[in-house]
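The values are calculated or read from the model by the stated rules, or taken from the named source; none is laboratory data. In this text, all values refer to a predicted model and were calculated from it rather than measured experimentally. Because the Cβ atoms are built from the backbone with ideal geometry, glycine has one as well, and the counts that use them run over all protein chains shown. Side chains included, ligands, DNA and RNA excluded: accessible areas come from the protein's heavy atoms. Shrake-Rupley method; radii C 1.70, N 1.55, O 1.52, S 1.80 Å.
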Amino acid sequence: MKYFCNPINVTYPYQFKCDPRDNYRLSVNREAADPSLVLFKGRYYLFASMSGAVWVSDDLAEWESVPLLENMPIYDYAPDVRVVGDWLYFTASNRGIPCNFYRTKDPLHGPYEEIRGSFDFWDPNLFLDDDGRLYFYWGCANATPIWGTELDPDTMRPILDKVPLIWGNPMEHGYERFGEDNSENPRTEEEIDRLFREFLDSCGKTAEQIPEENRVMIRATFAGMPYIEGAWMTKQDGRYYLQYACPGSELNVYADGVYVSEHPLGPFHPAENNPYSYKPGGFLPGAGHGSTMQDRDGCWWHTATMRISVNHVFERRVGLWPAGFDAAGNLFCNQRYGDWPMAVDRMREDPWCAPEWFLLSYRKAASSSPYAPGKGPESAVDENVQTWWRAASGEPGAWLMVDLGEAMTVHAVQVNFADDPDAEIPCPGELVSGPDMARYIDRKTQPARWLLETSENGSAWEVLEDKRGAFTDLSHDLVVTEAGATARFVRLTIYEVPYGAAPCVSGLRVFGKGNGNRPKQAEASAVRSGPLDFVVSTGDDPDAVGYNVLWGNSPDQLYHSWMVMGTRIDRKRIGALVKSRDYYVRVDVFNENGITVGKVGKL
């Protein structure tokens, strides 16, 4: 079996950013986002923002990172790739200058032929229809829509005026509302006017002194309008599924919605099961701005952006999930246990198959070598990527250990390294100015050397993975043993991390099977608290590790999910509903031994 665990296990390069929105502070963190994944000549190629590379795989589980050629715009966001005949076409985002297209027959070695662009755009997506006509979609703003047009395939220039296709509508689409947990409702016109007047007073200007386009954007921001961005087109059974991201990449509720049409340029209407891709809970949240692809066997997969957003709002990763179309033509994506280990072949056979292994490490006793104040080992087992254990120094030999409480069967361990904003790391290259900030992408492979061991008694140790001699830079590494290892203790010893920094671990996540029984069925209640919201509660179950709240438009289409950790759910508000739609809800409960399915009820 080939396994992966989100975020996908690739080389995420370091970014050095000097951002005016952050008082020009130099921040250091890894980043990759806005993924475009395609099948080209029998292999899978994945391009992502700020990766400086193309990732290639033969099985969707193991990836190789190959640096992009020097003539490619690696400092431009949202790279888009599409297969057009024998060619792979590439383009990316910029403002104020025409964006070029590139094409190649060999994504790893090139050459990439340049096709001069004729207009600028942000978050592009190219789409080749069955009749050979070429369409183009773009847009990334809170005051403008997703646009579409048709391109001349020889010149890549528009042959039609741009058409507005999707506008933000947070008054009716709860999942488009801004804020953590979709917590911010759009403001009234009176509130917007007041905030705009305060803004004008603060900068000493009148409204007439600000260009109209800027006024529109500023007022949209004050209104709490979502960013509508990240278009991706998929065609299935003669219908066009235009996907888009919202409301903001730095939020746990970053999602992909979908609109449907009988024509590539619309008119489009919202799909019944929005949002299509939505993963607000669990260890690493976020599932917006991505791409949807069929693999060699005709099975569907969706890849999208996951968020950390501690060092910088654009500190992000890439996730991959099984997807598909149901009998009614609904596009779905399974993210119920979206950052647990998945077997590629099992997901191909059944995109809704339950996990083989369960989370064993949540809030278990953790210990370590000396650590920095406020960065204790408990932060490595709290299922929160935004907290981490930090060793007291960068000296080799720092260790972190999890006590599972009793010997269990361990099948997988995900080692998640973090980057602390207090680390003093000088920029190794020259910052490159861009439309939003100056940055430098360090494309050199950095060392990450460590040893992973297991023990039944805490004294005799068995090596599970030895990377002391490896020169690898995988910040979310996954170690799998299908046969399983009997262990109570799992210990990670770290010998080197990039730039000689003090090691930080946001998650030493252990998966396998416990020795007891699954929890009892959850005693759950779900009540609609408004047109866009519902509230979920459960009784307290000491045997529970966490819950999965599932909802959808019918009892057998519970396509949306929100994982909540702990022994109970205490009035959890979920604000991703669509106005005037009926919904059904089910609350499943899980622990180290399995998952117990709940009862379906109507909201």
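Here is how the numbers come out for the structure above:
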item: Given (1) under 21 Å from L550 (Cα atoms); (2) over 14 Å from the mean Cα position of the chain (by Cα); (3) at pLDDT 95 or above, number of the condition G288 does not satisfy; result: (2)
item: Qualifying residue in the stretch 467-476 (condition: in a strand (DSSP E or B), touching a residue at least 40 places away in the same chain (Cβ under 8 Å) and more than 20 Å from G546 (Cβ to Cβ)); result: yes
item: Neighbours by Cβ (under 6 Å, 6+ apart or cross-chain): first from the stretch 72-84, within 22 Å of A141 (Cα to Cα); second open to solvent by 30 Å² or more (accessible area, probe 1.4 Å) and not in a loop (DSSP other than H, G, I, E, B); result: Y75/V432
item: Condition met for P435 (more than 27 Å from K364 (Cβ to Cβ), touching a Gly at 6+ places or on another chain (Cβ under 9 Å) and modelled with pLDDT under 95); result: yes
item: Enumeration of residues in the stretch 522-555 that are touching a residue at least 60 places away in the same chain (Cβ under 8 Å) and part of a strand (DSSP E or B); result: A524, A526, V527, R528, F534, G546, N548, L550, G552
item: Cβ-Cβ under 7 Å pairs, at least 6 apart or on other chains, the stretch 400-423 side in contact (Cβ under 8 Å) with a residue 24 or more places away in the chain and within 22 Å of T11 (Cβ to Cβ), far side open to solvent by 30 Å² or more (accessible area, probe 1.4 Å) and not acidic (D, E); result: A412/L478; A412/V480; V413/L464; Q414/L478; D420/R390; P421/V310
item: When residues of the stretch 453-485 are limited to those that are among the polar types (S, T, N, Q) and open to solvent by less than 50 Å² (accessible area, probe 1.4 Å), the one farthest from R443 (Cα to Cα); result: S455
item: Some residue of the stretch 368-381 being crowded, with 17+ Cβ neighbours inside 10 Å, of a type in the set (F, W, Y) and either modelled with pLDDT of 95 or more or in a helix (DSSP H, G or I) (or both); result: yes
item: Pair list, Cβ under 7 Å, 6 or more apart: the stretch 426-453 residue farther than 30 Å from V479 by Cα, other residue of a type in the set (D, E) and part of a strand (DSSP E or B); result: P428/D442; G429/D442
item: Candidate set: the stretch 318-332, residues that are assigned to a strand (DSSP E or B) and out of contact with any helix residue (DSSP H, G or I) (no Cβ under 9 Å at 6 or more places or on another chain); chosen: the one most open to solvent (accessible area, probe 1.4 Å); result: F325
item: First in the stretch 258-275 and within 17 Å of W147 (Cβ to Cβ) and part of a loop (DSSP other than H, G, I, E, B), second anywhere and modelled with pLDDT of 95 or more and among the β-branched types (V, I, T), Cβ under 6 Å, 6 or more apart; result: L265/V163
item: Residues that are part of a loop (DSSP other than H, G, I, E, B) and touching a residue at least 24 places away in the same chain (Cβ under 8 Å), drawn from the stretch 110-132; result: G110, P111, Y112, G117, S118, F119, D120, W122, D123, P124, D129, D130
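Results for (1) of a type outside the set (G, A, S); (2) surrounded by 22 or more Cβ atoms within 10 Å (Cβ to Cβ); (3) more than 24 Å from A438 (Cα to Cα), shown as yes or no for each residue.
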{"site": "V54", "(1), (2), (3)": "yes, yes, no"}
{"site": "P73", "(1), (2), (3)": "yes, no, no"}
{"site": "D86", "(1), (2), (3)": "yes, no, yes"}
{"site": "I97", "(1), (2), (3)": "yes, no, no"}
